[in-house]
Amino acid sequence: MNIILLGAPGAGKGTQAAIICDRLHIPTISTGNIIRAALKSGTEMGLKAKSYMDEGKLVPDEVVIGIIKERLAEDDCKNGFVLDGFPRTIPQAEALDSMGIQIDKVIDIEVSDEEIVGRLSGRRVCESCSDTYHVAHHPPQEEGKCDKCGGTLVQRKDDHPETVNDRLRVYHEQTEPLKGYYEKQGKLFEVKGEGDIGDITRLTLAAIEA
Ligand code: ADP
Ligand code: AMP
């Protein structure tokens, strides 16, 4: 099963992807995580992407399309995958179609902008394994430490309040039109993304199994 998780930054795509992928034994592919890893290891692509990311803008289509093409060609994607954070523009979705990648379901996680602001300001991520927490809604067992791997939890630079409004604006302008794109293909499923994380997982799995 090839799945896309759609939704605003902070809608809970990464949180849901981690749970779903564990259950279905398929990989999550997060372009954001791939770019952050490239930046950490100082590659040319990572350094180029940094200024876009820091300002809450999208990295150019050709860069992320190249990343996804390479990643989806790897062996572990053969039995399915969940895309988290790709596509984010219509040209990216068209590129996926023209690569001959068959998408089965697109799950759109709906969360209001007001809720997003609180979620992103409290988000903490593991700098080793990228697992995601929230200081109030989903705290780790030990403050500042990842439950899964013991790594250090940090705040993403683009989660600071001054960048969040820009990211939401970019989402509404460039990513939200993808809902119509996939609705026309009959692949769109909407899930209400506010409330208990476990309840949202149940709704998401029900949409996947529908
Ligand atoms: P995305 O991958 O869509 O950017 P995340 O999965 O990183 O979003 O979630 C954003 C933040 O909101 C994280 O801090 C996460 O722990 C928290 N979060 C995720 N789902 C919920 C929920 N249902 N209720 C409250 N907080 C949530
Ligand atoms: P994320 O971790 O998904 O919130 O992504 C963090 C940042 O990485 C975004 O704000 C963009 O700057 C960049 N990025 C990730 N995925 C994409 C994409 N599909 N298209 C363009 N930029 C992306």
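The values are calculated or read from the model by the stated rules, or taken from the named source; none is laboratory data. These figures come from a predicted structure and were not determined experimentally. As a convention, Cβ positions derive from the backbone with ideal geometry for all residues, glycine included, and neighbour counts pool all protein chains shown. Just so you know, the surface numbers come from the protein's heavy atoms only, side chains and all, with ligands and any DNA or RNA stripped out. Shrake-Rupley method; radii C 1.70, N 1.55, O 1.52, S 1.80 Å.
A few remarks follow.
- Inter-residue pairs, beta-carbon under 6 Å, first part of a strand (DSSP E or B) and in the range 100-128, second surrounded by fewer than 14 Cβ atoms within 10 Å (Cβ to Cβ), 6+ apart: Glu110/Lys192
- Considering residues of the range 6-47 that are of a type in the set (Val, Ile, Thr) and farther than 19 Å from Ala73 by Cα only, the residue least open to solvent (accessible area, probe 1.4 Å): Ile20
- On the stretch given as the range 62-83, residues that are within 16 Å of the chain's Cα centre (by Cα) and part of a helix (DSSP H, G or I) total 6.
- Residue among His160, His138 that is open to solvent by 40 Å² or more (accessible area, probe 1.4 Å) and under 17 Å from Leu58 (Cα atoms): His160
- Subset of the range 48-66 [among the aliphatic types (A, V, I, L, M), within 21 Å of Asp158 (Cα to Cα) and open to solvent by 20 Å² or more (accessible area, probe 1.4 Å)]: Met53, Leu58, Val63
- Single match in Gly151, Gly122 (criterion: within 16 Å of ligand 2 (Cβ to nearest atom), of a type in the set (Gly, Ala, Ser), at pLDDT 95 or above and surrounded by 14 or more Cβ atoms within 10 Å (Cβ to Cβ)): Gly122
- Selection of the range 92-106 for residues being surrounded by 15 or more Cβ atoms within 10 Å (Cβ to Cβ) and under 24 Å from Pro60 (Cα atoms) yields Gln92, Ala93, Ala95, Leu96, Ile101, Ile103, Val106.
- Glu55 vs. criteria over 18 Å from Glu127 (Cα atoms), touching a residue at least 60 places away in the same chain (Cβ under 8 Å), among the acidic types (Asp, Glu) and within 12 Å of ligand 2 (Cβ to nearest atom): yes
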